[in-house]
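The structure appears below as structure tokens.
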Amino acid sequence: MLMPHIYTDPMGHSLLDEIDLNMTAPGGAEVQEGTYYRRINSARQDVTDWQIGHALPGHFIDFTPTSAPTFIAVFSGQMHITVSNGEERQLARGDMMLAQDVDGQGHMTRFLGQEECNYLLVTMPGGLK
């Protein structure tokens with residue numbers, strides 16, 4: 001499964017790419033063709049805190065880096081992310097992203113659409129393991 005990912009290059013610019021999260025069948029077996037149920041198993045994560053965010057359409061957060069690697073999951077509404085090279089990604093209900101742009105210019109966030117945006121932020125000081 002591919003998940004959007006923001007990171008910072010050596011020049012301090014934030015960039016978008018995708019990371020591949022390895023999915024396995026129940027019990028950790030390799031996924032076979034036609035497997036109905038799969039999951040992502042990761043190492044135990046260090047989490048300092050989590051927050052539930054709420055933003056109305058039109059709310060804007062200017063370019064800023066994250067304080068630590070942060071997992072984002074959108075429950076409702078739309079979140080529009082722009083990185084410093086101008087690339088954009090829109091997240092809507094059910095979408096996830098990993099933001100690891102902890103230095104440099106960071107990213108910009110706009111909340112779009114007609115519906116309020118509710119989202120989960122999970123701060124992971126060591127990043128995704």
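The values are calculated or read from the model by the stated rules, or taken from the named source; none is laboratory data. No experiment lies behind these values; they were computed from the predicted model shown. As a convention, Cβ positions derive from the backbone with ideal geometry for all residues, glycine included, and neighbour counts pool all protein chains shown.
Filtering the range 21-65 down to residues that are on the phi > 0 side of the Ramachandran plot and in a loop (DSSP other than H, G, I, E, B), which residue is modelled with the highest pLDDT?
GLY58
Taking the range 70-112, which residues are outside any strand (DSSP E or B), touching a residue at least 12 places away in the same chain (Cβ under 8 Å) and more than 12 Å from the chain's Cα centre (by Cα)?
Scanning the range 70-112 gives GLY77, SER84, ASN85, GLU87, ARG93, VAL102, ASP103, GLY104, GLN105, GLY106.
Looking at the range 1-20 only, could you name the residues that are of a type in the set (D, E, K, R) and in a strand (DSSP E or B)?
ASP17, GLU18, ASP20
I'd like to verify a number: residues in the range 72-101 that are buried (at least 18 other Cβ atoms within 10 Å of the Cβ) and either among the hydrophobic types (A, V, I, L, M, F, W, C) or in contact with a helix residue (DSSP H, G or I) (Cβ under 7 Å, 6 or more places away or on another chain) (or both), how many?
Residues flagged as buried (at least 18 other Cβ atoms within 10 Å of the Cβ) and either among the hydrophobic types (A, V, I, L, M, F, W, C) or in contact with a helix residue (DSSP H, G or I) (Cβ under 7 Å, 6 or more places away or on another chain) (or both) within the range 72-101 amount to 9.
In the range 56-69, which residues are of a type outside the set (S, T, N, Q), crowded, with 18+ Cβ neighbours inside 10 Å and either more than 20 Å from GLY127 (Cβ to Cβ) or under 12 Å from the mean Cα position of the chain (by Cα) (or both)?
Residue satisfying the conditions is PRO69 alone.
Is there any pair linking a residue in the range 42-55 that is under 14 Å from LEU128 (Cα atoms) to one that is at pLDDT 95 or above and surrounded by 10 or more Cβ atoms within 10 Å (Cβ to Cβ), with Cβ under 6 Å and at least six apart or on different chains, and which?
VAL47/VAL122; THR48/THR123
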